[in-house]
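Undergrad: Below: one structure in structure tokens.
The values are calculated or read from the model by the stated rules, or taken from the named source; none is laboratory data. This structure is a prediction, so every number in the text was calculated from the model and none was measured. Here Cβ is always computed from backbone atoms with ideal geometry, including for glycine, and neighbour counts include all displayed protein chains.
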Amino acid sequence: MALHGSYFLPHKATQPIIGSIGLFVLLAGFSNYLNGSDIGPTMMWVGAGTIIYMMFIWFAAIIRESIGGLYNHQVEISFKMGMIWFITSEVFFFAAFFGALYYCRDLALPWLGGDTPGTGVHSTHQFLWDTFKNVWPTNGPGHIGGNEEGEFEPMAAWGIPAINTLILLTSGVTVTWAHWGLLKDNRRQLIIGLALTVLLGFGFVFLQGVEYHEAYSEMGLTLGTGIYGSTFFMLTGFHGLHVTIGAIFLLIVLIRSLRGHFSSHNHFAFEAAAWYWHFVDVVWLGLFIFVYWL
Amino acid sequence: MSVSAIHDDHHDHGPAKGLMRWVTTTNHKDIGTLYMVTSLIMFMVGGAMALVIRAELFEPGMQFVDPMFFNSMTTLHALIMVFGAVMPAFAGLANWMIPMMIGSPDMALPRLNNWSFWLLPFAALMLVSTLFMEGGAAAAGWTLYPPLVLQTGAAFPFTIFTIHILGVSSILAAINIIVTILNMRAPGMTLMKMPLFVWTWLITAFLLIAIMPVFAGAVTMLLTDKFFGTSFFNAAGGGDPVLYQHLFWFFGHPEVYVLILPSFGIVSQIIPTFSRKPLFGYSSMVYATASIGFLSFIVWAHHQYTVGMPIEGELYFTYATMLIAVPTGVKVFNWISTMWKGAITFESPMLWAIAFVVLFTLGGFTGLMMSISPADLQYHDTYFIVAHFHYVLVSGAVFAIIGGVYYWLPKWTGRMYDERLAQLHFWLTTLSVNLCFFPQHFLGLAGMPRRIPDYALQFAEFNAWSSVGAFIFGFSQLIFCYIVFRCMSGHGEHASGEVWEGASEHGLEFTLPSPAPYHTWETPPNVH
């Protein structure tokens with residue numbers, strides 16, 4: 001049935017509609033939860049379960065078709081291009097939050113602090129908070145969040161974050177080493193490299209959890225601690241979510257490697273996971289420099 | 001590059017039977033039809049909301065609705081028309097036409113294509129359902145500016161998540177379109193031989209991938225500001241409500257080009273066919289489209305001249321915005337030059353295309369007026385801006401879409417539409433759209449604010465005309481629905497493969513039979 005040199009076109013896809021229903025139920029449930037309705041959490045579980053089921057049967061179909069030899073080189077190029085443009089869209093998602101950080105630090109906060117050279121004093125400073133001085137990190141003139149006095153301690157770069165930087169950079173090396181193993185059909189190198197990468201990935205997430213716990217319990221630093229807390233937790237939180245997704249992605253690739261799904265010339269899933277992993281790695285470097293360090 | 005196609009079920013080369021065909025289909029033509037029909041339904045829903053607005057504004061004083069509901073109508077009308085009507089119509093045209101135009105058997109990622117579409121009805125359901133929630137639907141305008149939008153009642157999280165679902169849908173569709181265009185072209189179909197419609201969609205898809213995630217991020221910040229105590233848009237916490245405006249318009253300005261670039265493509269297909277000449281300045285059209293796409297990313301704050309920006313910002317955004325007139329002018333002159341000394345006939349698609357060139361240019365000029373920041377202080381948030389963007393989006397984008405539907409409907413259905421009815425539809429629409437929106441320029445210049453359900457007495461006459469125009473426009477579209485559904489249900493003369501005289505020289509799609517078979521280009525054509 002597999003005609004070599006032919007572009008495979010699937011028929012009768014049931015996965016997407018299941019995914020749409022799942023997403024709808026999940027988000028409607030989340031909305032209900034936020035509005036204080038009791039039915040919200042139940043809907044969220046059902047929706048999330050439906051989405052996980054959808055992903056399972058969707059990926060299963062792709063794996064079946066791939067192993068069945070239905071995909072020619074051109075199909076693989078489509079997958080690769082699709083993954084690259086998906087990662088590009090993710091980059092822009094993070095750009096929105098980095099943009100919020102730069103805007104507040106470089107424009108909004110100086111204006112709030114009364115610093116507008118050449119054009120006089122900003123009226124917000126003049127009329128609302130004329131004693132506010134712009135010193136980063138800050139939770140704003142209203143001292144939003146923090147401990148009882150509205151104080152908080154910022155996250156230092158050279159503790160856990162520096163260790164996490166090393167962990168992610170090392171994981172970038174191990175995943176590349178695994179790829180080299182795969183390319184020369186060295187299964188042992190592939191599996192050890194992948195297993196190390198997965199361990200490092202989940203280790204990162206664990207340490208991030210320790211850091212968050214410290215922030216909440218001892219430093220007065222929460223999501224609600226003004227603009228510093230908002231940008232800190234939203235940027236590192238979305239990044240941590242992406243690391244978790246990437247680590248699960250790599251774990252699946254590891255399981256598939258153990259089952260012998262990949263060969264040196266057919267391993268799109270491995271490459272996609274590795275690209276995704278490098279993407280979360282690069283985002284982390286931006287976070288380390290602009291959120292923790294500077 | 002491209003090679004022949006195989007299917008996972010070899011006994012079934014036609015469409016599946018029953019309603020489930022439409023739910024599980026992976027066929028680009030089926031999905032195109034689903035997009036187009038959804039778009040038409042949402043066009044009617046959004047249009048009904050516009051008529052509520054115009055009925056209320058027919059005369060001074062409060063008539064039918066309370067101010068809160070009026071504001072919900074302006075908000076939902078815009079969201080539905082942008083995300084429910086115009087973008088799905090373009091996605092539908094892309095699905096139908098791009099594979100046929102580049103000689104590909106289907107879209108590159110057919111399952112994903114199904115999902116891109118099937119997210120839409122759920123997003124639409126979620127958005128429309130907010131009308132019936134406690135506190136009413138979002139009423140802060142489609143831009144959803146804080147702090148006003150944070151006062152929305154139970155509808156708030158539903159509105160935010162609607163944006164997220166629409167974003168996922170758009171991003172997946174954009175990925176699919178880029179991959180199809182870059183990876184699925186027939187042998188010989190080089191990039192610089194692609195029809196302009198394909199080119200404009202390629203650039204539109206790049207824009208979508210860059211902007212939809214930013215919008216998703218911005219509304220996520222709204223959500224966390226309301227429910228999780230963040231301070232992104234709260235000055236007391238060190239944030240800034242204007243930050244939202246920057247994020248929104250970084251999305252919003254390229255977004256309005258998402259709504260117009262494929263229109264440029266459609267018009268660039270129609271005008272050469274009915275002028276019986278090749279498109280004038282093809283490569284300059286490609287470069288102009290790319291330039292417009294690039295410029296769209298660096299002009300966003302011209303939507304925010306009155307909010308308070310450093311003078312350097314006002315100057316920069318003024319000059320950068322004016323630059324857009326250059327590539328846009330290139331396009332307008334190229335369309336006119338294509339018609340110059342052509343053997344022109346005026347079938348319906350051509351009428352819509354010519355009306356597009358004239359009326360879009362008018363809307364472009366008012367845009368140029370507003371790009372000048374000191375002058376914009378007068379125009380900002382008045383009916384002048386309402387007139388401007390309806391000229392570019394209704395007599396621009398919507399006219400191009402309707403023209404495109406007339407142009408390709410015989411190819412899709414195998415039937416010619418009723419030309420006399422179509423001409424009636426065109427003239428009623430074109431006259432009424434001007435009656436509706438032209439007076440709004442004067443209302444705006446005289447100082448009538450937008451998004452207010454009542455107005456001072458001196459604005460009465462122009463508003464009455466505008467409302468009459470709106471109602472004629474709205475009901476004229478029923479003719480369009482009738483024409484389309486007549487063809488879809490197999491009435492009317494049979495269309496030839498070429499459909500229009502000489503059209504096969506202007507596009508691969510017109511070398512196929514009409515109606516186009518369920519699967520086309522399973523063996524790719526050779527393009528010379």
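Undergrad: When the range B:504-523 is examined, which residues are found to be modelled with pLDDT of 95 or more and farther than 27 Å from A:HIS11 by Cβ?
TA: Across the range B:504-523, the qualifying residue is only B:PHE510.
Undergrad: Determine which single condition A:GLY246 fails, assuming it passes every other condition in (1) within 22 Å of A:ARG259 (Cα to Cα); (2) at pLDDT below 95.
TA: (2)
Undergrad: Out of all the residues in the range B:195-214, is one or more on the phi > 0 side of the Ramachandran plot and not aliphatic (A, V, I, L, M)?
TA: No, every residue in the range B:195-214 fails to be on the phi > 0 side of the Ramachandran plot and not aliphatic (A, V, I, L, M).
Undergrad: Given (1) part of a loop (DSSP other than H, G, I, E, B); (2) within 25 Å of the chain's Cα centre (by Cα); (3) facing chain A (nearest Cβ under 9 Å); (4) not hydrophobic (A, V, I, L, M, F, W, C), where does B:THR162 come up short, assuming only one miss?
TA: Every condition holds for B:THR162 apart from (1).
Undergrad: Sticking with this one: Which of (1) within 26 Å of B:THR159 (Cα to Cα); (2) modelled with pLDDT of 95 or more is the odd one out, the single condition B:PRO262 does not satisfy?
TA: (1)
Undergrad: Being over 30 Å from B:PRO195 (Cα atoms) and either crowded, with 24+ Cβ neighbours inside 10 Å or within 11 Å of chain A (Cβ to nearest Cβ) (or both) narrows it down to one residue among B:PRO147, B:PRO121, B:PRO110; which is it? Before the answer, list the steps.
TA: Values: B:PRO147 fails: either crowded, with 24+ Cβ neighbours inside 10 Å or within 11 Å of chain A (Cβ to nearest Cβ) (or both); B:PRO110 fails: over 30 Å from B:PRO195 (Cα atoms).
The conditions single out B:PRO121.
Undergrad: With respect to B:THR33, determine if the residue is of a type in the set (Ser, Thr, Tyr), within 14 Å of chain A (Cβ to nearest Cβ) and in contact (Cβ under 8 Å) with a residue 24 or more places away in the chain.
TA: Working: of a type in the set (Ser, Thr, Tyr): yes; within 14 Å of chain A (Cβ to nearest Cβ): no; in contact (Cβ under 8 Å) with a residue 24 or more places away in the chain: yes.
Here the answer is no, as B:THR33 does not meet what is asked.
Undergrad: Also: Can you find even one residue in the range B:31-54 that is touching a helix residue (DSSP H, G or I) at 6+ places or on another chain (Cβ under 8 Å), farther than 28 Å from B:ILE472 by Cβ and not aliphatic (A, V, I, L, M)?
TA: Yes; the residues of the range B:31-54 include at least one that is touching a helix residue (DSSP H, G or I) at 6+ places or on another chain (Cβ under 8 Å), farther than 28 Å from B:ILE472 by Cβ and not aliphatic (A, V, I, L, M).
Undergrad: Condition test on B:THR152, is it within 9 Å of chain A (Cβ to nearest Cβ) and modelled with pLDDT of 95 or more? Show your work before the answer.
TA: Values: within 9 Å of chain A (Cβ to nearest Cβ): no; modelled with pLDDT of 95 or more: yes.
Against the criterion (within 9 Å of chain A (Cβ to nearest Cβ) and modelled with pLDDT of 95 or more), B:THR152 does not qualify.
Undergrad: Moving on to the next point. Farther than 22 Å from B:ILE324 by Cα and under 25 Å from the mean Cα position of the chain (by Cα): which single residue out of B:VAL219, B:VAL258, B:VAL198 fits that description?
TA: Working: B:VAL258 fails: farther than 22 Å from B:ILE324 by Cα; B:VAL198 fails: farther than 22 Å from B:ILE324 by Cα.
From the options B:VAL219, B:VAL258, B:VAL198, the qualifying one is B:VAL219.
Undergrad: One residue is enough: does the range B:440-459 have a residue meeting the conditions within 24 Å of the chain's Cα centre (by Cα), surrounded by fewer than 20 Cβ atoms within 10 Å (Cβ to Cβ) and of a type in the set (D, E, K, R)?
TA: yes
Undergrad: Is there a residue being under 30 Å from A:ILE245 (Cβ atoms), more than 12 Å from every other protein chain (Cβ to nearest Cβ) and surrounded by fewer than 18 Cβ atoms within 10 Å (Cβ to Cβ) anywhere in the range A:61-82?
TA: Step one: list which residues in the range A:61-82 are under 30 Å from A:ILE245 (Cβ atoms), which gives A:61-82.
After this cut, where a residue has to be more than 12 Å from every other protein chain (Cβ to nearest Cβ) as well, the list is A:63, A:66-67.
Retained after the next criterion (residues that are surrounded by fewer than 18 Cβ atoms within 10 Å (Cβ to Cβ)): A:63, A:67.
Checked against the condition, which is being under 30 Å from A:ILE245 (Cβ atoms), more than 12 Å from every other protein chain (Cβ to nearest Cβ) and surrounded by fewer than 18 Cβ atoms within 10 Å (Cβ to Cβ), the range A:61-82 yields at least one hit.
Undergrad: Could you list all residues from the range B:47-96 that are closer than 19 Å to B:TRP142 by Cα, of a type in the set (Gly, Ala, Ser) and surrounded by fewer than 21 Cβ atoms within 10 Å (Cβ to Cβ)?
TA: Passing the criteria: B:GLY47, B:ALA48, B:ALA78.
Undergrad: Could you tell me how many of the residues in the range A:136-189 are free of Cβ contacts under 8 Å to residues at least 60 places away in the same chain, surrounded by fewer than 17 Cβ atoms within 10 Å (Cβ to Cβ), on the phi < 0 side of the Ramachandran plot and not in a helix (DSSP H, G or I)?
TA: Summing the residues that are free of Cβ contacts under 8 Å to residues at least 60 places away in the same chain, surrounded by fewer than 17 Cβ atoms within 10 Å (Cβ to Cβ), on the phi < 0 side of the Ramachandran plot and not in a helix (DSSP H, G or I) in the range A:136-189 gives 5.
Undergrad: Please specify each residue of the range B:377-430 satisfying the condition of being basic (Lys, Arg) and either assigned to a helix (DSSP H, G or I) or touching a Phe, Trp or Tyr at 6+ places or on another chain (Cβ under 9 Å) (or both). Before you say what the answer is, go through the steps one by one.
TA: Step one: filter the range B:377-430 for residues basic (Lys, Arg), giving B:411, B:415, B:420.
Selection gives B:LYS411, B:ARG420.
Condition check ((1) without any contact (Cβ under 8 Å) to a residue 60 or more places away in the chain; (2) more than 20 Å from B:GLY308 (Cα to Cα)) across all residues:
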| site | (1), (2) |
| --- | --- |
| B:LYS193 | no, yes |
| B:ALA210 | no, yes |
| B:ALA216 | yes, yes |
| B:LEU223 | no, yes |
| B:ALA236 | yes, no |
| B:GLY239 | yes, no |
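Undergrad: Sticking with this one: Specify which of the listed residues (A:LEU190, A:LEU241, A:LEU199) is assigned by TED's automatic domain parsing to the domain that holds A:GLY145, modelled with pLDDT of 95 or more, in contact with a Leu (Cβ under 9 Å, 6 or more places away or on another chain) and aliphatic (A, V, I, L, M). Working first, answer last.
TA: Working: A:LEU241 fails: in contact with a Leu (Cβ under 9 Å, 6 or more places away or on another chain); A:LEU199 fails: in contact with a Leu (Cβ under 9 Å, 6 or more places away or on another chain).
Being assigned by TED's automatic domain parsing to the domain that holds A:GLY145, modelled with pLDDT of 95 or more, in contact with a Leu (Cβ under 9 Å, 6 or more places away or on another chain) and aliphatic (A, V, I, L, M) holds for just one of A:LEU190, A:LEU241, A:LEU199, which is A:LEU190.
Undergrad: Has the range B:321-339 got at least one residue that is over 24 Å from the mean Cα position of the chain (by Cα) and assigned to a loop (DSSP other than H, G, I, E, B)?
TA: If we filter the range B:321-339 for residues that are over 24 Å from the mean Cα position of the chain (by Cα), which is where we start, we get B:337-339.
The next check asks that each one be assigned to a loop (DSSP other than H, G, I, E, B); those that pass are none.
No; the residues of the range B:321-339 include none that is over 24 Å from the mean Cα position of the chain (by Cα) and assigned to a loop (DSSP other than H, G, I, E, B).
Undergrad: I'm checking my understanding of the structure. Among residues of the range A:91-115 that are not charged (D, E, K, R) and not in a helix (DSSP H, G or I), which one is nearest to the chain's Cα centre (by Cα)? Break it down into steps so the answer makes sense when it comes.
TA: Our first condition is that a residue be not charged (D, E, K, R); within the range A:91-115, this holds for A:91-104, A:107-114.
Add one more test, that the residue is not in a helix (DSSP H, G or I), and what stays is A:113-114.
Details: A:GLY113: 33, A:GLY114: 36 Å.
By that ranking, first place goes to A:GLY113.
Undergrad: Follow-up question, since we're still on this one. May I ask you to verify whether A:LEU3 is modelled with pLDDT of 95 or more, at the interface with chain B (Cβ under 7 Å from one of its Cβ atoms) and out of contact with any Pro (no Cβ under 6 Å at 6 or more places or on another chain)?
TA: On the way: modelled with pLDDT of 95 or more: no; at the interface with chain B (Cβ under 7 Å from one of its Cβ atoms): yes; out of contact with any Pro (no Cβ under 6 Å at 6 or more places or on another chain): yes.
No; evaluated as a whole, the condition is false for this residue.
Undergrad: I need the helices (runs of 4 or more DSSP H) fully contained in the range B:190-300, keeping only those with at least 1 residues that are facing another protein chain (nearest Cβ under 10 Å) and under 25 Å from B:ILE402 (Cα atoms). Spell out the reasoning first.
TA: Details: elements: B:196-227, B:241-258, B:261-275, B:282-295.
The qualifying helices (runs of 4 or more DSSP H) are B:196-227.
Undergrad: If I filter the range A:30-44 down to residues being over 14 Å from B:PHE161 (Cβ atoms) and out of contact with any Gly (no Cβ under 8 Å at 6 or more places or on another chain), which single residue comes out as farthest from the other protein chains (Cβ to nearest Cβ)? Walk me through how you get there before you give the answer.
TA: Just the residues of the range A:30-44 that are over 14 Å from B:PHE161 (Cβ atoms), to begin with: A:36-39, A:41-42.
Filter once more, so that each one left must be out of contact with any Gly (no Cβ under 8 Å at 6 or more places or on another chain): A:36-38.
Details: A:GLY36: 9, A:SER37: 9, A:ASP38: 14 Å.
Once the filter is applied, the top-ranked residue is A:ASP38.
Undergrad: Does the range B:443-466 hold any residues that are among the aliphatic types (A, V, I, L, M) and within 9 Å of B:PRO60 (Cβ to Cβ), and which are they? Quick ask: steps written out before the conclusion?
TA: As a first pass, look at the range B:443-466 and keep what is among the aliphatic types (A, V, I, L, M): B:443, B:445-446, B:448, B:452, B:456-457, B:460, B:464.
Result: B:ALA456, B:LEU457, B:ALA460.
Undergrad: Condition (residue is β-branched (Val, Ile, Thr), at pLDDT 95 or above and not in a helix (DSSP H, G or I)) applied to the range B:366-373: is it met by at least one residue? Break it down into steps so the answer makes sense when it comes.
TA: Residues of the range B:366-373 that are β-branched (Val, Ile, Thr), as a first pass: B:366, B:372.
Narrowing the set further to residues that are at pLDDT 95 or above leaves B:366, B:372.
In the following step, the residues that additionally are not in a helix (DSSP H, G or I) were identified as B:372.
So far as the range B:366-373 goes, yes, one or more of its residues are β-branched (Val, Ile, Thr), at pLDDT 95 or above and not in a helix (DSSP H, G or I).
Undergrad: Among A:LEU27, A:LEU9, which is within 7 Å of another protein chain (Cβ to nearest Cβ), over 24 Å from B:ALA124 (Cα atoms) and either surrounded by 17 or more Cβ atoms within 10 Å (Cβ to Cβ) or touching a strand residue (DSSP E or B) at 6+ places or on another chain (Cβ under 9 Å) (or both)?
TA: On the way: A:LEU27 fails: over 24 Å from B:ALA124 (Cα atoms).
Only one candidate qualifies: A:LEU9.
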